[in-house]
Amino acid sequence: MLEPFAALLGRGRVGAFGCYDTAMAVGVLRALDARGGVILVPAATLRSEPVVAGLRAVAETARVPVCLQADHVHDLETIERACRWGVQAVMADGSPLDFEDNVAFVREAAAIARRHGVAVEGELGRLPGGADADAPIGAGLATDPEQAAEFVARTGVDCLAIALGNVHGALLPAPRDLDWGRLEAIRRAVGVPLALHGGTGLAPEVVARAVRGGIAKVNFNTGLRRAYLAATAAALPVAEPAADLVALHARQADAVEAAAREALVGIALAGNSDLVGRL
């Protein structure tokens, strides 16, 4: 069932998962517990209305609360298009911009979204790496708590993505920790749910601590994408014109389901007893 973004995040401990096609969405839905989750529609996918319609159709079959959110959108035209195509939330990502330009962009995006009854997530701070592909890790910019409070007040966002040492798209060989003092300061400074992107590269214990510390939504993409591609590659050596594409779709969904279950372990550790029993 589709549920408003604010209602879903209001319960906290929500996993959000990048889905580039219906096989990925099917796998994610099978992994979710009664708390539900967010189906993320990557910005690159927002070029195709049929793909977005397919993701929404899968989401509508869910027996748990699910929200469809456009992820990492950097321009107003795509914000408008995503709203018209039926998402319930958009992430207006102005994080590559300076503070004032970020505020201006997100305010305009929020005005568009509100006309459609769509919720808005903004990002303050900058994560190293890339959201849609593995990318070299550059210098990130941690979120400033005072700026976070001002950003939320001036933009009216429903959710704020923050940078605490988390990384987009890159899986590091060494364990990665977060700036816990910064998380606490931001939590005290702002009054909206907080999102943590780059969940794949974090140990379950780190995810659990972040959720207990005030993170309402944890985004996962890289691990799911890698699982999907590995399942596809494993089938390619035997692929023929008469190959069973339905079976391939099932393999892809199974691989994504397993990756999503693994991603949810940290959220389970944060206190979701129903999910602990299923993992």
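The values are calculated or read from the model by the stated rules, or taken from the named source; none is laboratory data. Predicted, not measured: the structure shown is a model, and the values here were computed from it. As a convention, Cβ positions derive from the backbone with ideal geometry for all residues, glycine included, and neighbour counts pool all protein chains shown.
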Which of the residues that make up the stretch 88-123 are touching a helix residue (DSSP H, G or I) at 6+ places or on another chain (Cβ under 6 Å), of a type outside the set (A, V, I, L, M, F, W, C) and not in a helix (DSSP H, G or I)? Gln88, Gly94, His116, Gly122
Quick one: would you say Arg81 is under 14 Å from His116 (Cα atoms) and out of contact with any strand residue (DSSP E or B) (no Cβ under 8 Å at 6 or more places or on another chain)? yes
Return a yes/no flag: does the stretch 170-178 have any residue that is modelled with pLDDT under 95, surrounded by 14 or more Cβ atoms within 10 Å (Cβ to Cβ) and within 15 Å of Thr143 (Cα to Cα). yes
Which one of these is modelled with pLDDT of 95 or more, at positive phi and buried (at least 17 other Cβ atoms within 10 Å of the Cβ): Gly156, Gly94, Gly86, Gly122? Gly86
What is the number of the single condition among (1) on the phi < 0 side of the Ramachandran plot; (2) surrounded by 15 or more Cβ atoms within 10 Å (Cβ to Cβ); (3) at pLDDT 95 or above that Gly214 does not meet? (1)
Test Leu202 against the stated conditions and say whether it is modelled with pLDDT under 95, among the hydrophobic types (A, V, I, L, M, F, W, C), buried (at least 22 other Cβ atoms within 10 Å of the Cβ) and under 27 Å from Leu55 (Cβ atoms). yes
Leading residue by the ranking (surrounded by the most Cβ atoms within 10 Å (Cβ to Cβ)) among those in the stretch 49-78 that are in a strand (DSSP E or B) and among the aliphatic types (A, V, I, L, M): Ala70
Would you be able to tell me the number of residues in the stretch 249-279 that are at pLDDT below 85 and among the small types (Gly, Ala, Ser)? 3
For the stretch 131-145, name all the residues that are modelled with pLDDT of 55 or more and either touching a His at 6+ places or on another chain (Cβ under 7 Å) or in a loop (DSSP other than H, G, I, E, B) (or both). Gly140, Ala142, Thr143, Asp144
Scan the stretch 30-48 and give yes if some residue there is among the small types (Gly, Ala, Ser), outside any strand (DSSP E or B), within 22 Å of Leu245 (Cβ to Cβ) and under 16 Å from the mean Cα position of the chain (by Cα), otherwise no. no
